[in-house]
1. Enumerate the helices (runs of 4 or more DSSP H) found wholly within segment 37-148, keeping only those where 3 or more residues are in contact with a Ser or Thr (Cβ under 9 Å, 6 or more places away or on another chain) and under 28 Å from Ala173 (Cα atoms).
2. Select from segment 135-151 the residues that are touching a residue at least 40 places away in the same chain (Cβ under 8 Å) and touching a helix residue (DSSP H, G or I) at 6+ places or on another chain (Cβ under 7 Å) and write down the one among them that is surrounded by the fewest Cβ atoms within 10 Å (Cβ to Cβ).
3. Of the residues that make up segment 53-76, is at least one touching a helix residue (DSSP H, G or I) at 6+ places or on another chain (Cβ under 9 Å) and not β-branched (Val, Ile, Thr)?
4. Taking segment 75-132, which residues are β-branched (Val, Ile, Thr), open to solvent by 50 Å² or more (accessible area, probe 1.4 Å) and more than 29 Å from Glu216 (Cα to Cα)?
5. Cβ contacts < 7 Å: first residue over 17 Å from Val151 (Cα atoms) and at pLDDT 85 or above, restricted to segment 164-178; second residue buried (at least 16 other Cβ atoms within 10 Å of the Cβ) and not aliphatic (A, V, I, L, M), any location; separation 6+ or different chain. Result?
6. Kindly establish whether Ser154 is at pLDDT below 90, under 29 Å from the mean Cα position of the chain (by Cα) and among the hydroxyl-bearing types (Ser, Thr, Tyr).
7. Here is a list: Val115, Val86, Val90. Which entry is over 17 Å from Phe185 (Cβ atoms), of a type in the set (A, V, I, L, M) and modelled with pLDDT of 85 or more?
Amino acid sequence: MFDIRYHIVSLVAVFLALALGILLGFSLEKQGLLKKQQERLVESIQKDIDSVRSKNSNLQKQLASQKKFETNILPFLTKDKLKDHVVALVFFDDAKSNILKSGANETLKNAGASVLELSLNRRSLKKITLNEAQTETFKNSEYKTIDALAVELSSTPGTVLGKLQEEESVKLAEDSIPINSAVVFAGGNKPSLEEEALAKALNKNRIKTVFIDKTENEYSKIDQFIEAGIDTVDNIDM
């Protein structure tokens, strides 16, 4: 069994170790070794910081150069690629993005496309009263108005587009309808299926549809569109 002698020996050993450490510390400090080591460490850290800053500056220049190149080359790559093509840009008003809208509009027009902008309100869309024929055609549909809108966009304007034009949600020109393809922008930061319903209805009417989403959306709908077999572009603002 351990007795008091072992405890005394242990305590003495600890104090000796401390004393030795203190003596060594004073000795090293006296010789300036600690100071030199600190100076070397600071110098090394400063070199690393300078190196990182230099690399970051070079990367920023490369990115700026690449962005400038892409901006300049885009009009040449897309010129007349969508000539005589009508593209609908569809935004739900709970997720408007003027920057995305103007950028998409400019790019499509540079490619020779005619652009039809649609700004949709979910509640207003549901309240539109369809004519008798449309009501009968889509009586089993959960999204009757959206299905009717897709048919009108692919053929001739009707009740839905007429109401949207009254609400100034769309401006129709003589050559706006029928559309050839559509770009549907993500709407809102909560679960909603209107975009998916519209994309499915447009595809059903042989209108090529692409769904795009922004990085900042808290609730991304990309996965549900992929599962539905609809083409997608995520992080479009990046």
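1. 98-110, 122-127
2. Initially, segment 135-151 is screened for residues touching a residue at least 40 places away in the same chain (Cβ under 8 Å), giving 142-143, 146-147, 149-151.
This time we only want the ones that are touching a helix residue (DSSP H, G or I) at 6+ places or on another chain (Cβ under 7 Å), so: 143, 146-147, 149-150.
Numbers: Tyr143: 19, Ile146: 26, Asp147: 23, Leu149: 27, Ala150: 25.
Here the residue is Tyr143.
3. The answer is yes, given that some residue of segment 53-76 is touching a helix residue (DSSP H, G or I) at 6+ places or on another chain (Cβ under 9 Å) and not β-branched (Val, Ile, Thr).
4. So in segment 75-132, the residues β-branched (Val, Ile, Thr) come out as 78, 86-87, 90, 99, 107, 115, 128-129.
When the remaining residues are screened for being open to solvent by 50 Å² or more (accessible area, probe 1.4 Å), the result is 99, 107, 129.
Matches in segment 75-132: Thr129 only.
5. Here the result reads Ser169/Ser119, each pair linking segment 164-178 to a residue that is buried (at least 16 other Cβ atoms within 10 Å of the Cβ) and not aliphatic (A, V, I, L, M).
6. On the way: at pLDDT below 90: no; under 29 Å from the mean Cα position of the chain (by Cα): yes; among the hydroxyl-bearing types (Ser, Thr, Tyr): yes.
Considered against the rule, which asks whether it is at pLDDT below 90, under 29 Å from the mean Cα position of the chain (by Cα) and among the hydroxyl-bearing types (Ser, Thr, Tyr), Ser154 comes out as no.
7. On the way: Val115 fails: over 17 Å from Phe185 (Cβ atoms); Val90 fails: over 17 Å from Phe185 (Cβ atoms).
Matching residue, one of Val115, Val86, Val90: Val86.
Table: residues versus (1) open to solvent by 10 Å² or more (accessible area, probe 1.4 Å); (2) assigned to a loop (DSSP other than H, G, I, E, B); (3) closer than 23 Å to Arg123 by Cα; (4) not charged (D, E, K, R).
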| position | (1), (2), (3), (4) |
| --- | --- |
| Leu153 | no, no, yes, yes |
| Gln165 | yes, no, yes, yes |
| Glu174 | yes, yes, no, no |
| Pro178 | yes, yes, no, yes |
| Val183 | yes, no, yes, yes |
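The values are calculated or read from the model by the stated rules, or taken from the named source; none is laboratory data. Keep in mind the model is a prediction, meaning the values are calculated, not measured. Neighbour counts are summed over all protein chains in view; Cβ atoms, including those assigned to glycine, are modelled from backbone coordinates with ideal geometry. Areas reflect the complete protein model, heavy atoms only, side chains present, ligands, DNA and RNA absent. Shrake-Rupley method; radii C 1.70, N 1.55, O 1.52, S 1.80 Å.
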